[in-house]
Amino acid sequence: MHQIRRRPREQKDSLLDRYVARFGQLLDRNRVEIALRIAKENAEAAAEAAQAANQAKSDFLAIASHELRTPLTSVIGSLGLMRGGAVGELSGQAQQMIDIAYKNSDRLISLINNILDIERIESGRMEFDLLPVDITELVKRSLEDNKAYADQYNVSFVFVRMLPRMKVQGDAEKLTQVLTNLLSNAAKFSHPGDQVEIAITRHGGLIRVSVKDHGPGIPPKFLNSVFEKFTQVDASDSRQRSGSGLGLSICKAIVEQHGGAIGIDSECGNGTTFFFDLPIAGPRLGKGSAAAEDADKPSTVAVDPPTLSTSGRA
């Protein structure tokens, strides 16, 4: 006859404690899994809502830009004809009012284009057609295209150093946009009668384009934020020069999309130099080549500018 052995009470209590502990662990794990699942579902819903809001913003900007830019183009075209005398000679006061309307319409179109560019960049929809581009010829065209703007400030552009027949890998239209912004800023912040110096040099394995003015310079507190959106820099306490604060941010994005970098060197009272570096495309020029020898020859692009007062600065 077999005897039935009973476990001691202490052993039963220990086994029960283990069951309770194990159940607690499973319960805690289940709660964690539920919390993680809910958090994931909330995150996915928030991402979908953000994507929908982003798309709505893009659609709004596209529609608004079209609805605004179309009539503005017509307005600025008509104002341009009137400025050119298409409707006959205007009185001095009428001519002044037409000039003000024309300049402000042009600024508004520029602002619309900048906002659209920022939206395309942030959404990754700005397209680039990267091809070998003769950087010297591109800069020369940009100087010619922006000469009239510099004339408004009695400023001239001087090409102090070039690299003929040197090509970079880039989108000519987008690089022209960068140059236009840097040149117009340099002219705008220069003193009347100043020269803005443009140079193309080798910088390591890259090509550097620099635009140097002799204006008031940029205060140190702005140097780290000058390429951020909506940053507007003035050497004085009150801004005297117009701008959307988007141009340099767009320039930075465009240059970086080319695999390059943009930078600034400035000192209050001693002017500012903006520069950007781009990858070289094609064979490099030899040191003793004719093109390399021509690189040190300065070339003034603009003719003697007219003397203008500073009261008309935008």
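Throughout, read-outs are computed from the coordinates displayed, never taken from laboratory work. This one's a predicted model, so the numbers in the text were calculated from it and none came from an experiment. So basically every Cβ, Gly included, is an ideal-geometry build from the backbone, and we count neighbours across all protein chains shown.
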Task: Cβ crowding within 10 Å averaged over residues, with 197-203, 84-90 ranked highest first - done: 197-203, 84-90
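Can you tell me the FRET efficiency between S91 and S225 if r is taken as the Cβ-Cβ distance and R0 is 35 Å, rounded to the nearest 0.05? Show your work: numbers first, answer last.
Numbers: r = 46 Å, r/R0 = 1.30.
Computed FRET efficiency for S91 and S225 comes out at 0.15.
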Task: Assigned charges on the beta-carbon of Lys, Arg, Asp, Glu; region 93-143 dipole about Cα centre (debye) - done: 200 debye
Task: Distance between modelled label sites at R22 and A47, nm, 7 Å Cα→Cβ extension - done: 3.7 nm
TODO: Run through the DSSP bridge list for region 139-218 and note the antiparallel percent, rounded to the nearest 5.
DONE: 60 percent
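So between D99 and C268, what do we pick up on full extension, going 0.36 nm a residue minus the alpha carbon distance?
Values: separation 169, 0.36 × 169 = 60.84 nm, distance 3.31 nm.
Full extension from D99 to C268 adds 57.5 nm.
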Open item on the list: What is the sum of charges, Lys and Arg at +1 and Asp and Glu at -1, for the other residues whose Cβ falls under 15 Å from the Cβ of I109?
Closed with: 0
TODO: Subtract the Cα-Cα distance of L72 and S123 from 0.36 nm times their separation in residues, and report this length gain in nm to one decimal.
DONE: 15.8 nm
Open item on the list: Ranking request for peptides 157-165, 67-75: highest mean number of other beta-carbon atoms within 10 Å first, then the rest in descending order.
Closed with: 157-165, 67-75
- [ ] Based on the mean of other Cβ atoms within 10 Å per residue, sort peptides 176-188, 92-104 so the most packed one is first.
- [x] 176-188, 92-104
TODO: For D145 and L81, calculate 0.36 nm times their separation in residues minus their Cα-Cα distance, and state this gained length in nm to one decimal.
DONE: 21.1 nm
- [ ] Find out how many positive minus negative residues lie around I250, taking Lys and Arg as positive, Asp and Glu as negative, among other residues whose Cβ is under 15 Å from that of I250.
- [x] -3
- [ ] Using label points projected 7 Å from each Cα along Cα→Cβ, tell me how many nm separate V158 and L36, to one decimal.
- [x] 6.8 nm
